[in-house]
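The values are calculated or read from the model by the stated rules, or taken from the named source; none is laboratory data. Because the structure is predicted, anything quoted here is derived from the model rather than measured. Ideal geometry is used to build each Cβ from the backbone, glycine not excepted, and the neighbour counts take in all protein chains shown. Protein only, heavy atoms only, side chains kept; ligands, DNA and RNA dropped before computing areas. Shrake-Rupley method; radii C 1.70, N 1.55, O 1.52, S 1.80 Å.
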Amino acid sequence: MPTAEVAPSAPFFRPFPFCRLLMPGGITEQKTALRRVMRERRAALEPNMRAAAAFVVRDRLIEMLPRLALPAGAVVAGFLPIRDEIDPRPALEALRERGFRLVLPVVIARNEPLIFREWLPGTVLEPDAFHIPAPPVWAEQLAPDLLLVPMLAFDRKGERLGYGAGFYDVTLTLLRAQRASIAVGIAFSTQEVEAVPVSARDVMLDALVTEIDVLWFGRFAGGGAAPS
């Protein structure tokens, strides 16, 4: 079983209790039921808590950089928040100020890996195949060294629950076969559950940061750093 290391935390706001649902059916049915619960749980957060959490996560992510051991000028993939996701933009701006190149994911087609195009200040975004704002076709396509990954739920084993399309699982599988890409989930602490239902295609995170915790998994647990 993968081990996780938990960084010391100072509670910012009290998270909801872990989800202890009795969910009948197979993995697909369990995921569907959990998504419904977690959408409601995340949507219940107060706007001021959301805004403050984004800046706490920014600070925690910057503190993680020595352990992530990214090369100078590394490519970092962020995302633009949709619905009531945590806002990664304060963290992304801080990373840009430190010399990292930023990219955003682009959906090309269903069941296809994401591609990543450079996101420069002032870039006018265009809808991708899923009508999500993304850099235009002329923006440079780059492979990320670090991915900030959104989610609906996570657990302390490094598993995440996404929205069901599987884009990040497919993409991370491809990237990790080619390079040592690092996946760091960012979320609100209230998105934590006792156990995420997983299937064979689901891909674990390397780390996760919320407004109250930093969790390290797999090769990073126990003080490990990214391979050079």
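How large is log10 I(q)/I(0) at q = 0.17, 0.20, 0.22, 0.27 Å⁻¹ when the Debye formula is applied to the Cα atoms of segment 109-183, each weighted equally and without solvent?
Each listed q corresponds, in turn, to -0.77, -1.03, -1.19, -1.41.
Using a 1.4 Å probe on the protein heavy atoms, what percent of the accessible area of the chain belongs to carbon and sulfur?
About 58 percent, which is the carbon plus sulfur part of the accessible surface.
For segment 125-140, what does the Karplus curve 6.51 cos²θ - 1.76 cosθ + 1.60, with θ = phi - 60°, yield as ³J(HN,Hα) per residue in whole Hz, taken in order and with x for Gly and Pro?
7, 10, x, 8, 5, 9, 6, 9, x, 8, x, x, 4, 7, 5, 5
With +1 on each Lys and Arg Cβ and -1 on each Asp and Glu Cβ, and nothing else charged, work out how big the dipole of the chain is about its Cα centre, in Debye to the nearest 20.
Dipole size: approximately 260 debye.
Just from the alpha-carbon atoms, what are the Rg and Dmax of segment 163-216 in angstroms?
Just the Cα atoms of segment 163-216 yield Rg and Dmax of 12.2, 34 Å.
Rank by packing, highest mean first: peptides 182-189, 96-103, with packing defined as the count of other Cβ atoms within 10 Å averaged across residues.
Going from most to least packed, we get 182-189, 96-103.
Can you run phi through the Karplus equation (6.51, -1.76, 1.60; θ = phi - 60°) for segment 72-83 and list ³J(HN,Hα) in whole Hz, with x for Gly and Pro?
Whole-Hz 3J(HN,Hα) from phi for segment 72-83: 4, x, 4, 9, 10, 9, x, 7, 9, x, 10, 6.
Output the Kirkwood hydrodynamic radius of segment 121-228, Cα pairs only, in Å rounded to one decimal.
That comes to 15.3 Å for segment 121-228.
When the Debye formula is applied to the Cα atoms of segment 38-90, each taken as the same point scatterer, what base-10 log of I(q)/I(0) results at q = 0.12, 0.23 Å⁻¹?
Calculated log10 I(q)/I(0) at the listed q: -0.36, -0.95.
Could you compute how fast segment 77-131 diffuses translationally, taking Rh as the Kirkwood radius over C-alpha pairs and applying Stokes-Einstein at 20 °C with viscosity 1.002 mPa s? Give it in µm² per second.
Diffusion coefficient, whole number: 174 µm²/s.
What number does segment 56-203 give for Rg over Rh if you use C-alpha atoms and the Kirkwood radius?
With Rg and the Kirkwood Rh in hand, the quotient comes to 0.93.
Just how large is the dipole of segment 86-214 about the Cα centre, in debye to the nearest 20, putting +1 at every Lys and Arg Cβ and -1 at every Asp and Glu Cβ?
300
What's the extension gain from ILE108 to PHE55 if we count 0.36 nm per residue and subtract their Cα-Cα distance?
Roughly 16.0 nm would be gained on extension.
Would you kindly state how much longer the chain becomes between ALA72 and VAL124 on full extension, computed as 0.36 nm times their sequence separation minus their alpha carbon distance, in nm to one decimal?
Here the answer is 16.1 nm.
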